[in-house]
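Colleague: Before I ask anything, let me first share the structure, which is written out below as structure tokens.
The values are calculated or read from the model by the stated rules, or taken from the named source; none is laboratory data. The structure presented is a predicted model; accordingly, all values stated were derived computationally and were not measured. Here the Cβ positions follow ideal geometry from the backbone for every residue, glycine too, while neighbour counts run over all protein chains shown.
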């Protein structure tokens, strides 16, 4: 079996490190040459690249089965029985097979010729997961994201073609969007159980995949995408490593305006990993960690300077006047000032694996835990805000998980139990109401309208806690013919959420101008009068029954059905008046039951052109065709019921106050700073009975027909080689009909038109003119209420739909041997049309939901380039291009009186009667059309004289890129155990700066977010029944000088140090220890000679074995045979004395001396191999080289040989397929 270990070592070196781990089931039947079943055959399955072994014996019918928890889909099978030849071959998952079949026939030999030797038996723990037959599961590569965000799960998912990053707000974690659906329709799992974390240490031993259509019905709880994270298996090899990522302003390049608004930053992040055995062959550990701090200048109204203010759209004199007014009014401006904006974070991940004594009866356990912590100070903020108008936010989370795998008779049982907890809380710097004032600034480039923020932060007082516990079990039954795997899955989850509703407890003021602020004349005042602690619980259960049917060796069909049900543990207090008025019970609690049938298939076509890498190796298929159709149901969320618990309309529910115009109290900032209890809890005296004062409570209720979102989705994919195996092409098509999309409808809205705006296409207004403040245009919506006892009565419904069609294609060359250039290119086309509630966007009656195009851009291009620079460095360039997002010209404020800021703007024609009646409006529109971007101008001109259509404007294309340079350690005489990588983020921005200069940037490498506010309300004429508007001169602006959030050109330095021994050193010492310090038989000198000689493969013998498939000429065959004989003779001469010396070592030996002797012989063999490989490459034709497997072509590359000359590190080189990553 020493040859088996050598083969595993070589394959481990040549195999990718990140592969999808799961519970693999290997089944088969062992017979003699005449077909007679053989009992008691010793069957071993040894994983690649983990080199872990599990064994079993055949039953009386010659059958066996092995469950391989944490499996990676690639194994060397061994079959041994006294009196029969030992048989060895490879089995490999090539198309997401649910059962790996390993039937074998053994031939009879003489008894004295049979030798069975086995020293290493290594087992791993559980990681339950069934492969995605449908082909939508795509691996996520952490190397495809910049080093500073590696470990960020959302950023990793968004690196895939067609996936969009959804930035979190106010310190919340980022999310991602697939197929045009919201981030709340996704699910993240860790080893199959729900995972609430947003990041893991970048050095964690995990693999991640993203799937949108898994036809394994045991996977559910999402209607968008599922990000599945899986931990690796245990290993007898020790790994130690540390990494450091550094960013600094001195390593950044940006224009002066970007620097003025605080886009430069410092980032330090330290990470590491430690893994290995606790008890050899039985128990293993794996721990990783990461600590980091990111800091930047705290740019604010006080520190930004004239250039920073102008970039944000604020004139310096307006800012100065604003500060003077605040000082005169007693508003603190300097308290809480911090020079830097700091974000601290830390994460820890670990697992313990306990292996069974054998694969059929023993139990395998996996215990894992994770923890993360983050703190931001201050949160949010920016140039338009005072530094003390913010605060701090802290969050932490943790979880523990226990997995168990065991055979129960004929059934394979896989169980998993997990628990997660989290907490998120914040604190504002000031105990004051918040204030926001609209400021119109005249700037050299164009006038701009901005809102300046001061006072306390009313969004940082809330606190939330969450906890959930989950239990899952899957029972699998297999038929004797290995055609079917029936799987029964059950899952039970309890989620608890507690939230303190204390936002806006001190109130919020808005002012329409600096003059109004100076005069103490607010446009509105709102306040939540009471805090409320909400506690909700939710029980979710699911049952699934599925079958994986292996119709033939090439065709696999997976089908089944899943049932999901949920129940909440709390219900809102009943409000009889709500039922009497709206014929709805507000205490209704949904108990949805959803059925999700699915069917998918996987069909392998032909065989790959490449030859076997060794005797018995698997030849993959030429192509794989996959597809299916199914229903996918989103998980229920406690937030659906949470708002209903808080907003019952009863005195025990949340109470709030809304004061508009003259009803708003006059601020007394100085008194409130000293005496917060004096903050008013009612509108101005004498206004209680007017429409401008409203203390009616809100009500939220859930529709009796509410169900969680559901998607009917189909897909078809083709993945294989094309153009005579020169390129690999993957084409994916999918269609998704997204059902039960949520909307909120205000039942208390009365759609009675009180008057129309004739100058705006007869836009309906649902309140009387007397309910609109003439001076500011602020509107009171009481006239549009069915009942004056309530403010908004929001019913949560699930009756909207959307449709998504997506087509993507990825092409990359199939490299054979040394190559200087590698690349891959992906294109994705996405078409999304959705229904949207009128309370989100309307031109008339908000009760009407309308269809229209989604805001997501249709086109996306993802590319990667890798280039070898004169053998000194590897240069990589990855990036994306995305077509611009759609947006809607909007009015900043409510003009139709429904109480929502949902009104689409009327696009004023400068020659229209409305413009003639308002010369300032006409002049503003002419200025905008003359100065805005071409896309925005065309959008407005197309709709002049009409209310804008939804998503009728398009933003510009955006791009992002990252340039990486990895130095060759040998060329630069760097330590073999260390690496340095330089990564330049936003190299397109560097080109923009270099070519156009700081003052004439084109915006390369930046993501522009056009301002969608076209009009601001400045007043109302009750006689003419016409609003007074101001045109936002920065509507649709995409010029870089208008962007406050920019990506600077940043050089990131990543340093890694491998602190553990090489794989070869550990393998040598493990074999030396048998019969010395560990139980077992000492290896003979012949075994050590074979081990040393086989530590490097012999590609010449592989080529000769497949000379017919390669169509070698007689001259080629004779030349290679001669080279092979000479190489074999010389390697035997090298290793014979070393092997004899190793075999003779005493019980206590010097490990350093032993490895030095071994390494010296390995280096000498490497020199011999390098000489032979140059000749072999010249002998073979390009057509023949294209048929060689990757494990052979790697050794034709002198750079790769130099890369592994001194052995393979477990941290730096683990799983490397060669010097070039693109050759995988």
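Colleague: Would you pick out the residues in region 76-109 that are within 23 Å of residue 623 (Cβ to Cβ), modelled with pLDDT of 80 or more and surrounded by 19 or more Cβ atoms within 10 Å (Cβ to Cβ)?
Modeller: 90, 91, 100
Colleague: Okay, moving on. Select, from 885, 906, 881, 972, the only residue that is under 38 Å from the mean Cα position of the chain (by Cα) and within 25 Å of residue 1031 (Cα to Cα). Talk me through it step by step, then tell me what you get.
Modeller: On the way: 906 fails: under 38 Å from the mean Cα position of the chain (by Cα); 881 fails: within 25 Å of residue 1031 (Cα to Cα); 972 fails: within 25 Å of residue 1031 (Cα to Cα).
Testing whether each residue is under 38 Å from the mean Cα position of the chain (by Cα) and within 25 Å of residue 1031 (Cα to Cα) leaves just 885.
Colleague: Here is a further query. How many of the residues in region 721-741 are at positive phi and touching a residue at least 24 places away in the same chain (Cβ under 8 Å)?
Modeller: Qualifying residue count, region 721-741: 3.
Colleague: Can you confirm whether residue 909 is modelled with pLDDT under 90, in a loop (DSSP other than H, G, I, E, B) and assigned by TED's automatic domain parsing to the domain that holds residue 778?
Modeller: Yes, satisfied.
Colleague: Inside region 772-788, can you point out the residues that are touching a helix residue (DSSP H, G or I) at 6+ places or on another chain (Cβ under 6 Å) and in a loop (DSSP other than H, G, I, E, B)?
Modeller: If the condition is that a residue be touching a helix residue (DSSP H, G or I) at 6+ places or on another chain (Cβ under 6 Å) and in a loop (DSSP other than H, G, I, E, B), then 773, 778, 780, 787 are the ones that fit.
Residue-by-condition table, conditions (1) crowded, with 20+ Cβ neighbours inside 10 Å; (2) assigned to a strand (DSSP E or B); (3) in contact with a helix residue (DSSP H, G or I) (Cβ under 7 Å, 6 or more places away or on another chain); (4) at pLDDT below 95:
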{"site": "697", "(1), (2), (3), (4)": "yes, no, no, yes"}
{"site": "707", "(1), (2), (3), (4)": "no, no, no, yes"}
{"site": "712", "(1), (2), (3), (4)": "no, yes, no, no"}
{"site": "719", "(1), (2), (3), (4)": "no, yes, no, yes"}
{"site": "737", "(1), (2), (3), (4)": "no, yes, no, no"}
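Colleague: Hey, another quick one. Please give the number of the condition residue 828 fails out of (1) buried (at least 20 other Cβ atoms within 10 Å of the Cβ); (2) more than 24 Å from the chain's Cα centre (by Cα).
Modeller: The number of the failed condition is (2).
Colleague: Just for region 856-901: of the residues that are in contact with a helix residue (DSSP H, G or I) (Cβ under 8 Å, 6 or more places away or on another chain) and assigned to a loop (DSSP other than H, G, I, E, B), which one is farthest from residue 162 (Cα to Cα)?
Modeller: Residue satisfying both the conditions and the ranking: 897.
Colleague: Looking at 765, 702, which is the one that is touching a helix residue (DSSP H, G or I) at 6+ places or on another chain (Cβ under 6 Å), in contact (Cβ under 8 Å) with a residue 12 or more places away in the chain and buried (at least 20 other Cβ atoms within 10 Å of the Cβ)?
Modeller: Details: 765 fails: touching a helix residue (DSSP H, G or I) at 6+ places or on another chain (Cβ under 6 Å).
Just one listed residue meets the conditions, 702.
Colleague: Let me ask something additional. Checking residue 439 against (1) within 30 Å of residue 1018 (Cα to Cα); (2) within 31 Å of the chain's Cα centre (by Cα); (3) in a strand (DSSP E or B): exactly one of these is not met. Which one?
Modeller: So residue 439 meets the others, but not (2).
Colleague: Here's a follow-up. Just checking, which of 781, 789, 798 is at pLDDT below 95 and crowded, with 23+ Cβ neighbours inside 10 Å?
Modeller: Details: 789 fails: crowded, with 23+ Cβ neighbours inside 10 Å; 798 fails: crowded, with 23+ Cβ neighbours inside 10 Å.
Residue meeting the stated conditions: 781.
Colleague: Further question: Would you mind stating whether residue 987 is within 36 Å of the chain's Cα centre (by Cα), at pLDDT 85 or above and under 23 Å from residue 512 (Cα atoms)?
Modeller: When the stated conditions are applied, residue 987 does not pass them.
Colleague: Regarding region 212-220, can at least one residue be identified that is touching a strand residue (DSSP E or B) at 6+ places or on another chain (Cβ under 9 Å) and part of a strand (DSSP E or B)? Working first, answer last.
Modeller: Step one: filter region 212-220 for residues touching a strand residue (DSSP E or B) at 6+ places or on another chain (Cβ under 9 Å), giving 212-220.
Narrowing the set further to residues that are part of a strand (DSSP E or B) leaves none.
So far as region 212-220 goes, no, none of its residues is touching a strand residue (DSSP E or B) at 6+ places or on another chain (Cβ under 9 Å) and part of a strand (DSSP E or B).
Colleague: Hey, another quick one. Looking for whichever is surrounded by 19 or more Cβ atoms within 10 Å (Cβ to Cβ) and without any contact (Cβ under 8 Å) to a residue 40 or more places away in the chain here; the options are 915, 944, 923. Which one fits?
Modeller: None of the other options fit; the residue is 915.
Colleague: On the basis of being in contact with a helix residue (DSSP H, G or I) (Cβ under 8 Å, 6 or more places away or on another chain) and more than 18 Å from residue 1010 (Cβ to Cβ), does residue 909 make the cut?
Modeller: Yes.
Colleague: Among the numbered criteria (1) under 16 Å from the mean Cα position of the chain (by Cα); (2) modelled with pLDDT under 90, which single criterion is violated by residue 225?
Modeller: Failing condition for residue 225: (2).
Colleague: What helices (runs of 4 or more DSSP H) lie completely within region 1045-1139 and have 3 or more residues being touching a residue at least 24 places away in the same chain (Cβ under 8 Å) and within 22 Å of residue 1168 (Cα to Cα)? Reasoning before the result, please.
Modeller: On the way: elements: 1063-1073, 1085-1093, 1099-1105, 1107-1110.
Result: 1063-1073, 1085-1093, 1099-1105.
Colleague: Looking only at region 270-329, which residues are on the phi > 0 side of the Ramachandran plot and in contact with a helix residue (DSSP H, G or I) (Cβ under 8 Å, 6 or more places away or on another chain)?
Modeller: Scanning region 270-329 gives 305, 313.
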